[in-house]
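This report concerns only the one structure given below.
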Amino acid sequence: MIDVLHVLALLAYGGAWGLQVRAFRAGDPGKQNPALFVTLAGVGLHLLALGVYAGQHQVLPLIGVGPASSSLALLLVVMTLTAAEMYDVRSVSLFLLPLSLFLMGEAVWVGVEPAVRQTAFRGPWFVAHVGTTFLGYAGLALASGAAVMYVLQFRSLKRKSFGKIFQFFPSLDSLDRVHRVGLGSGFASLTVGLVAGTAWTVTYGGGFDLGNPQVLFGLVTWSTFLAALLVRLPGVLGDRAAAKVTALAFVVTTSVFLYLRIAAGDSPFFL
């Protein structure tokens, strides 16, 4: 049942993204409502799937490739929907739903099953570490999506090309607000998660292993987005340049993620 619900949620997200693409091709933001309803249906199925998982296995879906990927995908979708309604930027899901689809596709592909091995790091501290880290990743992904849209919208306005991008994308002010909020909150959450994980590892784990793919990915993500955060300081770079740095940070971290994921093979401890 868990796998079936995940497949249904995946299909719902895929359908929602297809509706978003259709609305974009039509250049009509008003046609995004069906995509919103389908996405909400997918979230309901997704929540049910993870609820069944937690009840059946008596463990939160945080360890293992499938469960962790599924949880991060859900968090990203929920955060995208929240930002879309708060800041009137529904079209940002045009960029972020594919990332959720990738994570859900991986979860379905490998199976949403508990890890065979258990980590020594568990309990409330582990939940706090993974929860804040995932919040950080989702927030930074949201900031990256808004940054890419900002750059494209700015270019459209500069060229006075009032086509589909101009009609479908939100205003520069709205995109900059989402970029700023996502970057700040995401970086803060990731920092808390990394500090919690590092403190436990140094105290109880017998040392800090830079060869661990999760540790390496966390450090690369933290460093690249720190640079993106610093260039947003007053007097450093303009909004457009800062958006470009965030977009570049996302490309770098995504590339590192894909490399580490492939190198990890069947390891149950990396997304």
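Inside the stretch 1-41, can you point out the residues that are closer than 12 Å to residue 70 by Cβ and either of a type in the set (Ser, Thr, Tyr) or without any contact (Cβ under 8 Å) to a residue 40 or more places away in the chain (or both)?
Matches in the stretch 1-41: 13 only.
Do we find that residue 242 is modelled with pLDDT of 85 or more and farther than 28 Å from residue 70 by Cβ in this structure?
Yes, satisfied.
Could you tell me whether residue 41 is small (Gly, Ala, Ser), assigned by TED's automatic domain parsing to the domain that holds residue 97 and closer than 18 Å to residue 100 by Cβ?
For residue 41, the condition - small (Gly, Ala, Ser), assigned by TED's automatic domain parsing to the domain that holds residue 97 and closer than 18 Å to residue 100 by Cβ - is met.
I'd like the full set of residues that are assigned to a helix (DSSP H, G or I) and surrounded by fewer than 16 Cβ atoms within 10 Å (Cβ to Cβ), limited to the stretch 12-40.
18, 21, 22, 25, 26, 30, 33, 34, 37, 40
When the residues of the stretch 44-58 are narrowed to those that are assigned to a helix (DSSP H, G or I) and without any contact (Cβ under 8 Å) to a residue 24 or more places away in the chain, which ends up farthest from residue 97 (Cα to Cα)?
Checked the stretch 44-58; the qualifying residue farthest from residue 97 (Cα to Cα) is 55.
Based on this model, can you work out whether residue 213 counts as modelled with pLDDT under 80 and out of contact with any Ser or Thr (no Cβ under 9 Å at 6 or more places or on another chain)?
It is false that residue 213 is modelled with pLDDT under 80 and out of contact with any Ser or Thr (no Cβ under 9 Å at 6 or more places or on another chain).
Can you pull out the residues in the stretch 73-86 that are modelled with pLDDT of 90 or more and more than 15 Å from residue 145 (Cβ to Cβ)?
Answer for the stretch 73-86, where residues must be modelled with pLDDT of 90 or more and more than 15 Å from residue 145 (Cβ to Cβ): just 74.
Counting only residues that are in contact (Cβ under 8 Å) with a residue 12 or more places away in the chain and of a type outside the set (Phe, Trp, Tyr), which one in the stretch 149-162 is surrounded by the most Cβ atoms within 10 Å (Cβ to Cβ)?
Out of the qualifying residues, it is 149.
Residue under question is residue 146, and the condition is that it be crowded, with 18+ Cβ neighbours inside 10 Å, outside the structural domain of residue 96 (by TED's automatic domain parsing), aliphatic (A, V, I, L, M) and touching a residue at least 12 places away in the same chain (Cβ under 8 Å); does it hold?
Here the answer is yes, as residue 146 does meet what is asked.
With the checklist (1) surrounded by fewer than 23 Cβ atoms within 10 Å (Cβ to Cβ); (2) farther than 19 Å from residue 23 by Cα in hand, flag the one item residue 84 doesn't pass.
For residue 84, the exception is condition (2).
Select from the stretch 163-191 the residues that are in contact (Cβ under 8 Å) with a residue 60 or more places away in the chain and among the polar types (S, T, N, Q) and write down the one among them that is nearest to residue 141 (Cα to Cα).
174
The values are calculated or read from the model by the stated rules, or taken from the named source; none is laboratory data. Predicted, not measured: the structure shown is a model, and the values here were computed from it. All Cβ positions, glycine included, derive from the backbone under ideal geometry; neighbour counts span all protein chains shown.
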